[in-house]
Amino acid sequence: MLIKDKIIQLFEERNELSVSEIANELLVSKQMIHNVLNNFVAINYIEKFGTTPKTIYKIKQATNDFKVAVNEVSEEYKLFLEVNFLSITEIGNMLSGLEAFENWCKKRKLPLDKTVLEYVETKKRYNNYFDENGFIDGTDKLKSTKGYNNIWLDKLLYLDFYAIERFGKTRLGTILHYAKQGQNKMLMKILIEAIKNPIFKMINVLDIDAIGFVPPTIKRETQLMKVMMNGLKINKPMIEIIKIGGIIPVPQKSLNKIEERIANAENTFVVRSSVSYKNLLLIDDAVGSGSTLNQIAGKIKQKKIAEHVFGLAIVGSFKGFDVITDV
């Protein structure tokens, strides 16, 4: 019996196997096993789960899942999806472009061709909010939010929306969400590469001469904002922003009222700098209400640390006052 036939027999008996289990059972090299398993994955006989050294293989179950109507998707739409659509599956695989969108449609039992067109039309409507420099201006949204005594930010800008109607998180929103919640350094690096050029462009356009990064509230082993600060390597002076609070940290996303969010930001951040600047850029990961950036901007201006303060969020909400709870 050939090695591949022996491996098939093992899978039929046990359904789930690791390379080490197969090697111990058949007494053959792991390299030979890997070659056979790679072929089995390619023909969809088995699926691979996990990453080295914790990898297992399972027989791919036949399903009666709804089949999306896969006709020819134009190259233009394929490119559009590749640039804009990304998803993380329930088992942690990252898909992008047409593959990701096809998977999204399949789960919702939607026809691929028609839904691609609807997605492209929807995303293009949202793209109209980007200005000539590629930024979204959320200043009017901030000013129209009731509850603020003062609007301290000269501008509030986003690199993208966090989510769009019907289709959920944007590409940048998806990367940010899983990078932060999973403390995933690989995704953090991908995020930094995605935002680096737009941020440097913004620094030039706004003639920024100092930077401030909003510190996190919740303690994590890997802090996204610290990784971003180190990874972006912005060659500008940085002001010190400190997060303080009581015994129990209260994150902004846990507060549903604008007054509570303003009070939280006003009373739990301290800014320090021995130098004054003309234009300062405050950077945060996600903005719902804008209260954190706005109140920190107020402290900066009241201490005369900067004449103009601009807020930048990697992603922001499309609606007015909003609470982004999952970032």
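The values are calculated or read from the model by the stated rules, or taken from the named source; none is laboratory data. Note that the structure is predicted; figures quoted are calculated from it, not measured. Every residue, glycine as well, gets a Cβ built from its backbone with ideal geometry; the counts of neighbours run over all protein chains shown.
Within segment 296-311, the set of residues being touching a Lys or Arg at 6+ places or on another chain (Cβ under 9 Å) and not acidic (D, E) comprises K303, I305, A306, H308, V309, F310, G311. The set of residues from segment 79-103 being out of contact with any Lys or Arg (no Cβ under 6 Å at 6 or more places or on another chain) and closer than 17 Å to Y126 by Cβ comprises F80, L81, V83, F85, F101. Condition test on E82, is it surrounded by fewer than 16 Cβ atoms within 10 Å (Cβ to Cβ) and of a type in the set (D, E)? It is false that E82 is surrounded by fewer than 16 Cβ atoms within 10 Å (Cβ to Cβ) and of a type in the set (D, E). Against the definition (touching a Gly at 6+ places or on another chain (Cβ under 7 Å), charged (D, E, K, R) and within 19 Å of G168 (Cβ to Cβ)), how does E82 come out, yes or no? So E82 fits the description; yes. Can you find, within segment 7-47, the residue that is nearest to K58 (Cα to Cα) among those that are among the aromatic types (F, W, Y) and assigned to a helix (DSSP H, G or I)? If we take residues in segment 7-47 being among the aromatic types (F, W, Y) and assigned to a helix (DSSP H, G or I), then F11 is nearest to K58 (Cα to Cα). Just the residues that are under 9 Å from the mean Cα position of the chain (by Cα) and not hydroxyl-bearing (S, T, Y), please, taken from segment 168-189. Across segment 168-189, the qualifying residues are K169, R171, L172, G173, I175, L176, H177, A179, K180, L187, M188. In segment 196-215, the count of residues that are buried (at least 16 other Cβ atoms within 10 Å of the Cβ) and within 20 Å of V83 (Cα to Cα) is one or more.
Among the helices (runs of 4 or more DSSP H) confined to segment 178-279, the ones with at least 1 residues that are at pLDDT 95 or above and either under 28 Å from G134 (Cα atoms) or in contact with a strand residue (DSSP E or B) (Cβ under 6 Å, 6 or more places away or on another chain) (or both) are located at 185-205, 224-232. Given the structure, is N264 under 20 Å from I151 (Cβ atoms) and in the same structural domain as L159 (by TED's automatic domain parsing)? When the stated conditions are applied, N264 passes them.
If the condition is being touching a strand residue (DSSP E or B) at 6+ places or on another chain (Cβ under 8 Å) and either exposed (fewer than 15 other Cβ atoms within 10 Å of the Cβ) or charged (D, E, K, R) (or both), then segment 11-27 contributes E12, N15, E16. Applying the condition of being in contact with a strand residue (DSSP E or B) (Cβ under 7 Å, 6 or more places away or on another chain) and not in a strand (DSSP E or B) to segment 296-316 and asking which residue is farthest from D160 (Cα to Cα) yields K303.
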